[in-house]
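In what follows, a structure is listed as structure tokens, so that the remarks can point back to it.
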Amino acid sequence: MSKTIAFIPVRGGSKSIPLKNIKEFCGKPLVYWNIKALEDTPSIDKIIIATDSVEIEDAVKSFGFKKTEIYKRSVENSQDTSSTESVMLEYLNQSGSDNDDVFLLVQATSPLTQTKDFSSALEVYNNSDYDSLLTGVRFKRFFWNEDGTSKNYDYQNRPRRQDFQGEFLENGAFYINKIGNVLKYKNRLSGKIGLFEMEEFTSFEIDEPDDWVIAEQLMKRHILQPQKPETKIKLFLTDVDGVLTDAGMYYSENGDELKKFNTHDGMGFDILRQNNIKTGIVTSEVTQIVERRAKKLKVDYLYQGKREGGKLEAALEICAKEGISIKEVAYIGDDINCFNLLSEVGFAACPQDALDKIKSITNIQIMTLKGGEGCVREFIEKIISR
């Protein structure tokens, strides 16, 4: 039985944006978005990341995806002048894949591609007589030739945009073909070519630094939906170091430890009380500073000295006392010892400068502010606005 293989070439030597394939894009490495969309596509059997970079390899492995494998491309096919076809052919000539296997070439620089795009395009391809297929968008712009004549419309009868068919613009998101065709014609496309139309905002590819900013805004507007808790939040919990504080370790001349808190976060706790939401602090450290801060914030629960699994245990203990579910809890944390609790609560968040592993948690809300800069207040306002 034939398989469907997705192939993403990601070189480490990008000139315009160094290591752009793992540069943070909307809170995660750029290449993450296409891999995640492919992992969630049921008809995809295997995902190959072809790279020459140890940094990219380590980043991809850290995602922990099940279908994804690393292919170490040769030095010869990792140069500035190397073509995408060259690394495709290199992999296919040694992979032992069947000629009838379906092959998707996916571009990491098109992170706006979604699972629905891969699934729908594969359905079209598998139920048609196309030999290969490419993606694009309907580009409704009026073009002119250099000699002053209109190219794709009659300027004397200028059509309304909604009545204008426009032109099909290749967006470079992905291509579909059979492995046998790729090997025979040494090209991503061959034979009878089908066109799969995607949403207009997907026409944007990342090549230059300015593209990055625009693409992130498109991603946030069209794809990333704010996480909505399945149930009403009844308990708010937070970590301390790196969340309520900037994670800095300050000492006085007498050797006293100091911590820097943000007053905006303090007002957030008042807002929670006004909305009848219980509050708590769960932290790894045991200090009088935190005890005094908790008292001033009037939190309902304070658990200190809770590391790794201890934080989840503390939260479950509070849930039992309150008679609520862990899914009715919101929690914001930043470090590895917060991972278990963040993975279980109904509404999870982390500061902008949290560890990458924390940012990779499914459906976590990544704040725009860093720890100690008001990220807790930012998260609280998201909770209240739901």
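Readers should treat all values here as calculations from the given coordinates under stated rules, not as data from a laboratory. Keep in mind it's a predicted model, so treat the numbers as computed, not measured. No Cβ is skipped: glycine too gets one built from the backbone with ideal geometry, and neighbour counts run over all protein chains shown.
Here are the numbers:
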{"read-out": "Neighbourhood net charge (11 Å Cβ-Cβ; Lys/Arg +1, Asp/Glu -1) for S78", "value": "-1"}
{"read-out": "DSSP beta bridge pairing in the chain, given as percent antiparallel to the nearest 5", "value": "35"}
{"read-out": "Size of charge dipole - region 235-385 - debye, nearest 20, with Cβ of Lys, Arg +1 and Asp, Glu -1, no other charges", "value": "400"}
{"read-out": "Cα-based shape type of region 1-87, given that a ≥ b ≥ c are square roots of the gyration tensor eigenvalues and the cut on a/c is 1.5", "value": "oblate"}
{"read-out": "The chain, relative contact order in percent, only Cα pairs under 8 angstrom and at least six apart counted", "value": "14"}
{"read-out": "D239, D129 arranged by Cβ crowding within 10 Å, fewest neighbours leading", "value": "D129, D239"}
{"read-out": "The chain, Rg to Rh (Cα coordinates; Rh as Kirkwood inverse mean 1/r)", "value": "1.07"}
{"read-out": "Which of S74, F196, Q94, positive extreme of dipole for region 4-222 (C-beta unit charges)", "value": "F196"}
{"read-out": "Region 4-222, dipole about Cα centre (Lys/Arg Cβ +1, Asp/Glu Cβ -1), debye to the nearest 20", "value": "320"}
{"read-out": "Simple Cβ-charge dipole of the chain, Lys/Arg +1 and Asp/Glu -1, about Cα centre, in debye nearest 20", "value": "1060"}
{"read-out": "Residue of T238, T287, T279 that the Gaussian network model of the chain assigns the largest fluctuation, springs spanning Cα pairs under 10 Å", "value": "T287"}
{"read-out": "Relative exposure of K298, K178, judged by other C-beta atoms within 10 Å (fewest first)", "value": "K298, K178"}
{"read-out": "Proximal lysines relative to K3, as straight alpha-carbon distance under 17 Å, when same-chain residues fewer than 8 apart are discounted", "value": "K46, K66, K67, K178"}
{"read-out": "Qualifying trypsin sites (Lys or Arg not before Pro) for region 1-78 [loop in DSSP, other Cβ within 10 Å: at most 16]", "value": "K3, K15, K23, K66, K67"}
{"read-out": "For W33, W144, W212, order by how many other beta-carbon atoms lie within 10 Å, fewest first", "value": "W144, W212, W33"}
{"read-out": "Where GluC sites (Glu not before Pro) in DSSP loops with at most 12 other Cβ within 10 Å are excluded, longest remaining stretch of the chain", "value": "1-145"}
{"read-out": "Antiparallel DSSP beta bridges within region 235-385, as percent of all bridges there, nearest 5", "value": "15"}
{"read-out": "Rg and Dmax of region 235-385, Cα atoms only, in Å", "value": "14.1, 47"}
{"read-out": "Length-normalised contact order for region 231-386 - Cα pairs under 8 Å, 6+ apart - percent", "value": "29"}
{"read-out": "Length-normalised contact order for region 4-222 - Cα pairs under 8 Å, 6+ apart - percent", "value": "24"}
{"read-out": "Computed helical MRE - 222 nm, the chain, DSSP H runs ≥ 4 contributing -39500 (n - 2.57), nearest 500", "value": "-9000 deg cm²/dmol"}
{"read-out": "Region 4-222 - share of DSSP beta bridges that are antiparallel (%, nearest 5)", "value": "45"}
